[in-house]
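Have a look at the structure below, then the notes.
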Amino acid sequence: MKGLKYYIKDSLKNHYAIGAYNFVNMEMLKGICEGAKETNSPTIVSVSEGAFKYMDENFVLGLYNSALKSYKDIPLFLHLDHGKSFEMCKKAVDLKFKSVMIDGSSLPFEENVAVTKKVVDYAHAHGVLVEAELGVLKGVEDEVSASENIYTNPLKAKEFVERTNCDTLAVAIGTSHGAYKFSGEAKLRFDILSEIEKNLPNFPLVLHGASSVPQKYVEKINRYGGDVKGAKGVDEKLLTKACKEHNIYKINTDTDLRMAYIATLREYIKENPTNIDSRKFNSLAIEEIKQLVIEKNRCFNNINRI
C-alpha cells in the first residue's frame, strides 16, 4: 500500500487535503474508518499528547493495529498531534507512528528551530515524517492553549523550513483551537498563505484548528442539557478553497468529532432514560461520526483518492 509520502505529493498535485481526525476511543476511531471506507480516502488518524496519556501507548497501538486489520484497503496513518517535547516525539517515533508533530510554536524562534531540528534528525533516521508549526493559534484544545493569534511570518517560514528540514509545516492564518473560533464573520488570511507559498513553492502546509462546528450539533447539545451557546467554527467553503487553490495538504479535525459524539450521546440518554446498554448510544455515535467524516472528505476534495 502507498505510504504517506506518496499521498502528500499526490494531494498537492491533485488539489485535495487529507483529513487528520483525532480519536480518544474505539468508537471515534471506528467512525473515522467507516467514513474513510465510504469515501475511499487516505486518512490520518491522530492522537494528541492528552489522548496519549488518557489511553496509554498500549491502547493507542492496539486500536490502531486493529483498525489496520479491519480496514485493509484504507491507508490509515497514525500521527502524533501537538507533541510538545523531543521526548514525546521520540516515544511516538519509537512506537512506529507514521508521522509526528513537534509543536514549538510557543517558543522563541531559535528555540523552535532547535527542538524541531532535533526531532527531525531523530525521526528521519527512523523513517518517520515530521510536521512542525510556526505561528500561534488562539484557543484551547486538549493541552494546547493560547490567548491570541500570531500569524505565520512568510519570510520566517522559509528560513524555518530550510534550517529544520521538516517535512510539513502547520501555519497560522486565522483558524483557532476549540469550539469558539469566531465572534463575527469567519475569515482566513489567504493573503498570508499566498505569501508563504511564494517563499515555499509546492511545500505541504497544514491547517490546525479547522473544525467547522456544525450548528446542528451546537443546537442538539444545548437542547439536551449542554451549554455551548455561541460556538462557531470555520466555514467549510474556506477549507475547500484552502486545499483546492493552495498547498494545504492536511486539515485537522478534532472539535467536530467531539461534538458529534457528545450530541449523539446526550440526545439518546435523555430520550431513553431506562437504557443502561452503552452499545446502544455508542453505535449511533459511530454512525454519526462516519457521516461527519464523509462530509469532511467531500469538503477536502478527498474522494476516491486511493
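Go through Asn282, Asn302 for me and flag whichever is modelled with pLDDT of 95 or more, of a type in the set (S, T, N, Q) and outside any helix (DSSP H, G or I).
Working: Asn282 fails: outside any helix (DSSP H, G or I).
Just one listed residue meets the conditions, Asn302.
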Test: Gly230 is in contact with a Phe, Trp or Tyr (Cβ under 9 Å, 6 or more places away or on another chain), small (Gly, Ala, Ser) and in a loop (DSSP other than H, G, I, E, B): yes
Count - residues of the stretch 97-137 that are under 19 Å from the mean Cα position of the chain (by Cα) and surrounded by fewer than 17 Cβ atoms within 10 Å (Cβ to Cβ): 1
Index of the failed condition, Asn65 passing every other in (1) surrounded by fewer than 22 Cβ atoms within 10 Å (Cβ to Cβ); (2) closer than 22 Å to Tyr16 by Cα; (3) not aliphatic (A, V, I, L, M): (2)
Total residues in the stretch 49-82, condition at pLDDT 95 or above and within 23 Å of Thr164 (Cβ to Cβ): 5
Every pair of residues 6+ apart whose Cβ atoms lie under 7 Å, when the first sits in the stretch 212-232 and is more than 19 Å from Ala285 (Cα to Cα) while the second is at pLDDT 85 or above and assigned to a loop (DSSP other than H, G, I, E, B): Ala231/Val213; Lys232/Val213
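Considering only residues that are surrounded by 18 or more Cβ atoms within 10 Å (Cβ to Cβ) and touching a residue at least 60 places away in the same chain (Cβ under 8 Å), which ones fall in the stretch 241-257? Walk me through how you get there before you give the answer.
Kept after step one, since they are surrounded by 18 or more Cβ atoms within 10 Å (Cβ to Cβ), are these residues of the stretch 241-257: 242-243, 246-257.
Scanning the stretch 241-257 gives Ala242, Cys243, Asn247, Ile248, Tyr249, Lys250, Ile251, Asn252, Thr253, Asp254, Thr255, Leu257.
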The stretch 8-36, residues that are part of a helix (DSSP H, G or I), without any contact (Cβ under 8 Å) to a residue 60 or more places away in the chain and either buried (at least 19 other Cβ atoms within 10 Å of the Cβ) or of a type in the set (Phe, Trp, Tyr) (or both): Leu29, Cys33
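What is the residue count in the stretch 42-58 for residues that are closer than 12 Å to Phe23 by Cα and surrounded by fewer than 16 Cβ atoms within 10 Å (Cβ to Cβ)? Walk me through how you get there before you give the answer.
Step one: filter the stretch 42-58 for residues closer than 12 Å to Phe23 by Cα, giving 44-52, 54-55.
Those still in the list that are surrounded by fewer than 16 Cβ atoms within 10 Å (Cβ to Cβ) too: 54.
Count: 1.
For (1) surrounded by 20 or more Cβ atoms within 10 Å (Cβ to Cβ); (2) β-branched (Val, Ile, Thr); (3) modelled with pLDDT of 90 or more, each residue gets a yes or a no:
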site	(1), (2), (3)
Val140	no, yes, no
Val144	yes, yes, no
Ser147	no, no, no
Tyr151	no, no, no
Thr164	yes, yes, yes
Asp167	yes, no, yes
Val171	yes, yes, yes
Ser183	no, no, no
Number of the condition not met by Val206 [criteria: (1) surrounded by 19 or more Cβ atoms within 10 Å (Cβ to Cβ); (2) touching a helix residue (DSSP H, G or I) at 6+ places or on another chain (Cβ under 9 Å); (3) not in a helix (DSSP H, G or I)]: (2)
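The values are calculated or read from the model by the stated rules, or taken from the named source; none is laboratory data. Note that the coordinates shown come from a computational prediction; the quantities given were computed from them, not determined experimentally. Glycine gets a Cβ as well: all are built from the backbone with ideal geometry, and neighbour counts include every protein chain shown.
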